[in-house]
C-alpha cells in the first residue's frame, strides 16, 4: 500500500469511526440456508419444538417468495447461499454478570461509546447489546424486574417467558408478510424482548445496541415489545458495523404491541456502515418494523434517523386498530455518496377517531438517492380518522435524487387526510447569510440541515438528539465545495 | 480602513457598478444615497461577498487586505457586517442558537475563547436590553414569521452582538416606523467608538437625522457622482434626486 | 362471458390489418398486437393499474364495426345540441368520422383538418412525418397494454395542422360518439394535432354516448336486421366506406336524414356498453400556444380509456383541462413532455363520480429542460359509491434546473361509500428546483359550512354551494365563454343551486372579514 492510499484509508476510517473489526472468536454455522441449518440454529439455542416448527414453516414459505424489486434502489442480486446465518461470540457457557463477558467484547463496546456498567447507571438507560447475531449483555435487569418489566434477549425470553413470546411473536409481522420478514422468521438468532406490565411507566429508556462484526454474516435480529394496558415505554436502538468491502445483509423484524391506553415510543439512530465514497461495501438494511395499536387510545410513535447503510429499505408502520389510537412517524434520512434509501411508513387506520402524523425529511447529497414511500389507508370502519403528512426533501449538489411516492386511500367521508411535500435545494441565500455571519460553508450546511430536521430531532430523547445531530454533520462532510 | 477603487460589478450580465471609488477611515460614518437602481444594494452585497454579484474590475482593500479574495465568512471574521435589506428566514433554526453560533465562530477565528451558554446569554441579554428589544424575539426561529420591523431589529441585535469593525446597513430604514428607526440608530450609535466605521446605504434622509454621517455620497448609475458632508443629505432631501440626475446629465 | 380477451383483440387486429393501408402501418399494427399479447391486460399487481378494475372491461367482447354509425336526423340534432356552440366540429361515431354532421366551413387559410383514415387509404405513402409519429407511438407503448390495443385497432382519427404564426380564433371541437347498441362496440381513434411555431389554437375533445332509450332515437325498433357483425372476418368484403372520395369532410354524405341505406345502426334492441379508446398527440412547437379541453361525458355504462400526449418545445404554452363526468370505468391519461426551455404547462382536471362509476386519472409531467414551469390541479367530487384515483407523477430530469412544478389533488367525499385513492409522486434528479405537491381528502370546511348556515342557508344548500365553489374554482379558468357557461350550469344543476350569486357574495364577505 502506498503512503497516499494509506492516508486516504485513514481519512475514510476517521469519517466512519465505527469501522473497526473486533478480533474475537466466533461460533458460526456454515454459510447457506437449508432446513438443516435452521435445525442447527434452533438446537444451538435449545429452543422449544413449536419455535422450530414456526421457523421451518417460515423457511418453506420464504422458498416460494421472490426478492422484492419494487423499491427504488439498485443493487446486485444477493446470493443467499453465501451468507452465514448464525455467528455468536464464543463465550463461557453461562453468563452471570458483566464481569464474565469477554474483555475483547467489552472493549468493543467502550469504543462504541456504550459502557455497559456504571456510566449507564448514571444516565439511567438500560441496554441490551446484540453482537452479530446474539445478545451478549443486558444491564439493569434487576432494577427493571422489581417493576415487573421484562427486558432481555429474545433467546432468554424464549427460555424464561415462552408463553408471552408464543402469544405475541409473529402476530404483527407474520412470516408470510414479505420476503425479508420470512427470512428473518426462519433464521433470527436473537434480539430484544421487552414487556411492560399493566399500569407501569418504565422509569428508564430501554436501549438495544446492534453491532455486526463477523465477515460474511447476516444479522437477523427480532425485537418484540409488548406494552400492557396503560403502560409507557421509550425504547432506543442504535446500529453500527465494521467497514468491509463486501455488502452485508441486515434483515431485522420489530414488532410492537400497544394495548389499551399504552404508549410506545421507539427511536432509532441507524448508522450502519454506508460503504465508502465509491459506493463499495456497506450494509443492506432491509428491515420490517410494525406496531399495532391494539387497544383503545393507545399510541405508537416511531422516530428514525437514518444516516447509515448502503441501502435502506424500511417502513416502520402502525396499524391503528383501537378506537382513538394514534400513530406517529418522524424520520430523517440522509443519503450521501452512493447511498440509497427507500423508506417511509404505513398508517393503516381501522379504528374510529384514529389519527396519524407523518413527518419525513429526506436529504440527498453526493450521488445519494432518497425515496419517501408511504401509505395512508383509511378503512371504511375508521370514521373521523385524520392524517397529516409532511414530506420535505432537500438536495445538496446536482447528482443526487429525491423522490416522493405517497399512496393515499380513503374509504369513508368523515375522515380528513392532508399530504404536503416539497423539494428544494439548500438555499443559497441562507448559506450566504450564515457565511456573512462568520460560519464556514460546511458549518452553515450542517446548521441549515439540522434546522430542516428539527421537527424530527425534537422527538428524540435528549442524548440521541445530540448524537443524531453530530452524525448528520459527519455524514454531510464533503458535500460542499 | 476601507479603500474602494474603480469598483465594477455586474449582476446577470448587467453592469451595475461602473467605477466606484470610496475611502472610509476608522471611526467614520458614511451615508450612501441614490435613486432606485443606482447600485446601492449591489455595492453593499459586493462588500459582503455575495456570489450573485460578479466583480469585473477594481479593488477593495480592507485594513490592507484584498477583500475581494476573501470568502463571505472570512470577511465577517475580519469585521465586516452587512445588515440585510431582506433578512432571510431559516426555519427550524432558533434565533438565539444562531446568534451564539455566529458569535463563537467569529471569536474562534479571532483567537478568542468561545463563550459558553451562560456567558453568552449574559452578553445577549445586555444587548437586548440596550436595544430595548423584546425577549420573545430570541425564542423564535431565525426571522421566521418576523414582521419587517422585527427582522430589521434582529439585524441590529446581531450587529450589536458581533461588534463589527465596519457595519454596512443596506436600506435598514425602509419600512420602519419612527420607534424602530430609533432602535436601529441607537444600535449603530452605540457601536461608534472612534474606531468602528459605518456605511449607511439609504434612499431617504430620515435615518440620517439619527445617525449623523461624517460624509455623504450620491451614487448614480454605479458611480459616486457627488460627495459632501451631512448637509448634502439634507439638500438631496429637499431637491430630490432629479437634481442630481439633471446636473449629471448636463 | 368466457372469452379470451387477448385472442379476441388479436382476431380484431388481424381483420383490421387485412384492410387497405400502407405496409408499414400494417407492420406497426401487428407489432402493437404482438406487444399486447406479450403484456396481457394489466392487473392490480401492475403498479400503474393498482386501483383500476380492468376485468369488467376485458370481459366484454367488443366488436369493431366496419360500417360508419348512422344517425337519425333527430339523433343528430340532439347530438349537435350537446356540442360547443360556435366551434368548428369533427364528429366521430364509433371510431369513424361522420362528415355529414361535421362542420368545418370556416377553417382559416392554411389550417387543415383531415381524416387519418383518408390519408392512409388514399395515399400509399403519406408524408414521412406521419410515419415518424406512428413509429414514436409504437415506441412509446412500453408496458401500456391499452395503448398497444389502440394502436393495433384504431379505425380513424383526426389530423390537424395549424401552420406557423396562425391563430385559430374559433375553437375546434372533436366529438367522439359512442353508441350503446345490441352489440358492444369499440371505437378506437388516434389523432395527431400539430401547432407549428408561433401558432395558437383551442381544441375541445368531447366524448358523448348515444343511449338506446327513445330520447335520442326514434328508430328503436326499426332495422333489427342490421348486418352488424364484427366477428365475420370476411366483412372486409363489404367495403362500405363513405369516405373514399377523398374530399375533406365537407357535408357530402347522405346519412343525415336517417334513411341510412347500409346502416350500422346502434339503436336496435339491446343496450350493450361501448368502449371508446382515443389517443390524441399534440405537437406544440416553439412559442405556440394550445388551450385544450377534454369533456368526457360518456354513457354511464361505457368504458373510456384515452390519452392526451403533449409534446412541447421551447417557450410553448399548453393548458389542458380534463373534465370527467361519465363512463362506468373511465381512465384519463395525460402525459406532457417538456422538451425545451421556458415552457409553461397547466394540467388541470375535474372529476365528478357518482353511482358505481370509477374514474381513474393518471398524469405524468416530464421536465427535461431548464426553466420550465408547470402547475397541476386536480379536483374530485365523489358521491354515492363512486370511486376515483389520482395518480400524478412529476419527473424532473438532471438537466431541468430551475424547474418550478406544483401539483395538487383535492378530493371531496360526499358519501360514506365513496372512495378516493391518491398517489401524487415526485421524482427529482436536479437540485435547483422548486417542486411541491399536496393532496387533501376530506369533507367540506366546517367553518365555511357554519358561516353559510349562520346566515340562514339550509345545511343541504350550504353543502351544495361549497361543493359547487370547490369545483367552480377550476371552471372559472376555462377561457372559452360558451364552454365555461355550459360547465358552470352543469355543476349548478348537479348541486341543485339556484340563487347562486347572492350566496357567493356571502362567501366573499367572509374572506374579507
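None of the figures in this text is laboratory data; all of them are computed from the coordinates on show. None of these values were measured; they are calculated from a predicted model. Ideal geometry is used to build each Cβ from the backbone, glycine not excepted, and the neighbour counts take in all protein chains shown.
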Inter-chain shielding metric for A:394-403, i.e. average beta-carbon neighbours from other chains within 10 angstrom, reads 5
Which of B:172, B:56, B:42 fluctuates most in a GNM of chain B (C-alpha springs under 10 Å)? That residue is B:56
Simple SL model, points at 7 angstrom along Cα→Cβ for residue C:170 and residue A:34; separation in nm is 8.2
So the angle from the long Cα axis of helix B:117-130 to the longest Cα principal axis of chain B, reported in degrees to the nearest 10, equals 50
Rh (Kirkwood, all Cα-Cα pairs) for the range A:347-405, Å, reads 12.9
Residue separation between residue B:177 and residue B:123 times 0.36 nm, minus their alpha-carbon distance, gives in nm 16.7 nm
Relative contact order in percent for the range B:90-168 (Cα pairs under 8 Å, 6+ apart) equals 44
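Which whole-number percentage describes the relative contact order of chain B, with Cα contacts under 8 Å and a sequence gap of 6 or more? Please report the intermediate quantities before stating the final value.
Values: 453 pairs, mean separation 70.8, N = 250.
Here the relative contact order equals 28 percent.
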Full extension between residue C:4 and residue C:445 adds, at 0.36 nm per residue less the Cα distance, a length in nm of 153.9 nm
For chain B, longest principal axis from Cα atoms; helix B:178-191 axis from its Cα atoms; angle between them, nearest 10 degrees, is 80
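What fraction of the DSSP beta bridges in chain B is antiparallel, stated in percent and rounded to the nearest 5?
Details: 25 of 43 bridges.
Taking every DSSP beta bridge with both residues in chain B, the antiparallel ones total about 60 percent.
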The helix B:148-162 Cα axis meets the longest alpha-carbon principal axis of chain B at an angle in degrees, between 0 and 90 and rounded to 10, of 70
Partner shielding of B:67-76, as the mean number of partner chain Cβ atoms within 10 Å, equals 4
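Return the average number of partner chain Cβ atoms within 10 angstrom of each residue Cβ along peptide A:450-461. Before the final figure, lay out each step's value.
Numbers: counts 3, 10, 4, 1, 5, 2, 1, 1, 1, 0, 0, 0.
Counting Cβ atoms of other protein chains within 10 Å of each residue's Cβ and averaging gives 2.
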